[in-house]
Amino acid sequence: MFSISEIYSSRAKSDFSLSQNETLASLNYMDYRQFKKVELHRHFEACARLTSLAEMANMGLQEAATHFQIHHPMKSLEEVIQRFVRTVEYFRSYEVLERIAYEACEDAALENIRILELRYAPSFIGAVQKLDFQKIHDAILKGVQKAEKDFPIAVGFIGIIVRSQSMLEAEKSLDFFLHNKDSFLAIDLADQEVGFDCRNFATLFSKAREHGLRVTCHSGEENVAEAPQFVKNAIDILGAERIGHGLQIIHDQNIMQYVKEKNIVLELCPTSNFLTNNWPDLASHPLKQLYEYGIACTINSDDPVVFNIDLSHEWKIAHENMGIHLGAIHGMQETAYRASFLPEAKKTAIWQS
């Protein structure tokens, strides 16, 4: 699957690790972009190119950066979600959605992401803009398919059910995903966990699994005492194979062991966790500890435009701020490759191209 010589000039060991004294200290930011990458956790709604948002909002670039982006930790996850609302306010036509989808894939390809899973909530876009679910998806799909022809990238979709919306809206979303299961890989449950028990969605997720959709779930993101148990519930009740974030299990070794034994993949997003005020600093982020414990970890950007980052930035943070050596980061990329819900043939074809 992975040719280590292709990326690391045949200097790595057979377990994909580099020696501990191997370093990227002499490399600048752009050098991280040269490595092929996999991203499992990226929200479409937070992928709109800043220059495009500025154009649509009739703002200067600096004004747009202030309006749409987050540069310092917020007080809560809810504040961050409101930045999503600001971007979606400008998703005013199906043509705009197609453009954003194409540009999001182009930007990902430019940083050498070869395998990308984009997740979005049609109920969220639909609620803000009163657009039709099917036409939303058709427009996004059209932009992605055009990008796949123009760039070396394979893209799949994950459909999000929003916890804080009504159960009627959740059922409508699931029916839509199942109707379009030829182009949706999986479903996800997102939004704030506190006050929105995943048990309420158990029947919907069981139905999704019965119809062949895979399951990931936002869980263990918020810094609350119940967070580790939320992760276990997502696995046991919803059948989650992957967990979006999950960093707070670091506070409960029993659940860490459970996640490890079940081979659940964590979609970790360090800068996101810092800017949502769910972890105090990047240097102490638990990515390294969780990886060294033996948990299947992956690195992701979450909301690249909102946080003014990309996946290459997160590689840089992992290596230079957390002290994770490059071989380990590559190992996480191999985990992401294997954990991607995209068909194996599609992954192999694009990775080897």
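Keeping to the stretch 76-128, report how many residues are of a type in the set (Lys, Arg), out of contact with any strand residue (DSSP E or B) (no Cβ under 7 Å at 6 or more places or on another chain) and not in a helix (DSSP H, G or I).
Total meeting the criteria: 1.
In this structure, is Ser353 surrounded by fewer than 21 Cβ atoms within 10 Å (Cβ to Cβ) and touching a residue at least 40 places away in the same chain (Cβ under 8 Å)? Steps first, answer last, please.
Values: surrounded by fewer than 21 Cβ atoms within 10 Å (Cβ to Cβ): yes; touching a residue at least 40 places away in the same chain (Cβ under 8 Å): yes.
When the stated conditions are applied, Ser353 passes them.
It is to be established whether one or more residues within the stretch 263-274 are within 14 Å of the chain's Cα centre (by Cα), among the aromatic types (Phe, Trp, Tyr) and closer than 29 Å to Glu45 by Cβ.
no
Restricting attention to the stretch 172-228, which residues are within 21 Å of Ile250 (Cα to Cα), of a type in the set (A, V, I, L, M) and at pLDDT 95 or above?
Selection gives Ala190, Val224, Ala225, Ala227.
For the stretch 290-307: of the residues being of a type outside the set (A, V, I, L, M) and touching a Ser or Thr at 6+ places or on another chain (Cβ under 9 Å), which is surrounded by the fewest Cβ atoms within 10 Å (Cβ to Cβ)? It would help to see each step written out before you state the result.
Step one: list which residues in the stretch 290-307 are of a type outside the set (A, V, I, L, M), which gives 291-294, 297-298, 300-304, 307.
From the residues that got through so far, the ones that are touching a Ser or Thr at 6+ places or on another chain (Cβ under 9 Å) too are 297-298, 300-303, 307.
On the way: Cys297: 27, Thr298: 25, Asn300: 26, Ser301: 29, Asp302: 27, Asp303: 26, Phe307: 23.
Among those that are of a type outside the set (A, V, I, L, M) and touching a Ser or Thr at 6+ places or on another chain (Cβ under 9 Å), it is Phe307.
Considering only the stretch 135-186, state which residues are part of a helix (DSSP H, G or I) and acidic (Asp, Glu).
Matches in the stretch 135-186: Asp138, Glu148, Asp150, Glu169, Glu171, Asp175.
Would you confirm whether any residue within the stretch 175-186 is of a type in the set (A, V, I, L, M, F, W, C), under 14 Å from His218 (Cβ atoms) and either crowded, with 16+ Cβ neighbours inside 10 Å or out of contact with any His (no Cβ under 7 Å at 6 or more places or on another chain) (or both)?
Within the stretch 175-186 (the criterion being of a type in the set (A, V, I, L, M, F, W, C), under 14 Å from His218 (Cβ atoms) and either crowded, with 16+ Cβ neighbours inside 10 Å or out of contact with any His (no Cβ under 7 Å at 6 or more places or on another chain) (or both)), the answer is yes, since at least one residue qualifies.
So which residues in the stretch 277-300 are of a type in the set (S, T, N, Q) and under 16 Å from Arg242 (Cβ atoms)?
Thr298, Asn300
How about the stretch 187-231: which of its residues are surrounded by fewer than 23 Cβ atoms within 10 Å (Cβ to Cβ), in contact (Cβ under 8 Å) with a residue 24 or more places away in the chain and among the hydroxyl-bearing types (Ser, Thr, Tyr)?
Ser206
Residues that are surrounded by fewer than 24 Cβ atoms within 10 Å (Cβ to Cβ), of a type in the set (D, E, K, R) and in a helix (DSSP H, G or I): does the stretch 232-254 have at least one?
Yes; the residues of the stretch 232-254 include at least one that is surrounded by fewer than 24 Cβ atoms within 10 Å (Cβ to Cβ), of a type in the set (D, E, K, R) and in a helix (DSSP H, G or I).
Looking only at residues that are surrounded by fewer than 22 Cβ atoms within 10 Å (Cβ to Cβ) and among the small types (Gly, Ala, Ser) in the stretch 113-138, which one is farthest from Ala339 (Cα to Cα)?
My answer is Ala127.
Is it the case, given these coordinates, that Ile324 is buried (at least 19 other Cβ atoms within 10 Å of the Cβ), under 21 Å from Ile113 (Cβ atoms) and without any contact (Cβ under 8 Å) to a residue 40 or more places away in the chain?
Yes: the conditions hold for Ile324.
Can you pull out the residues in the stretch 10-53 that are over 17 Å from Ile113 (Cα atoms), among the polar types (S, T, N, Q) and at pLDDT 50 or above?
Within the stretch 10-53, Thr51, Ser52 meet the criteria.
Checking the condition part of a helix (DSSP H, G or I) and either over 15 Å from the mean Cα position of the chain (by Cα) or within 16 Å of Ser164 (Cβ to Cβ) (or both), which residue from Leu189, Leu204 passes?
Among Leu189, Leu204, only Leu204 is part of a helix (DSSP H, G or I) and either over 15 Å from the mean Cα position of the chain (by Cα) or within 16 Å of Ser164 (Cβ to Cβ) (or both).
The values are calculated or read from the model by the stated rules, or taken from the named source; none is laboratory data. Quantities reported herein were computed from a predicted structural model and do not represent experimental measurements. Note that each Cβ is placed from the backbone with ideal geometry, even for glycine, and that neighbours are counted across all protein chains shown.
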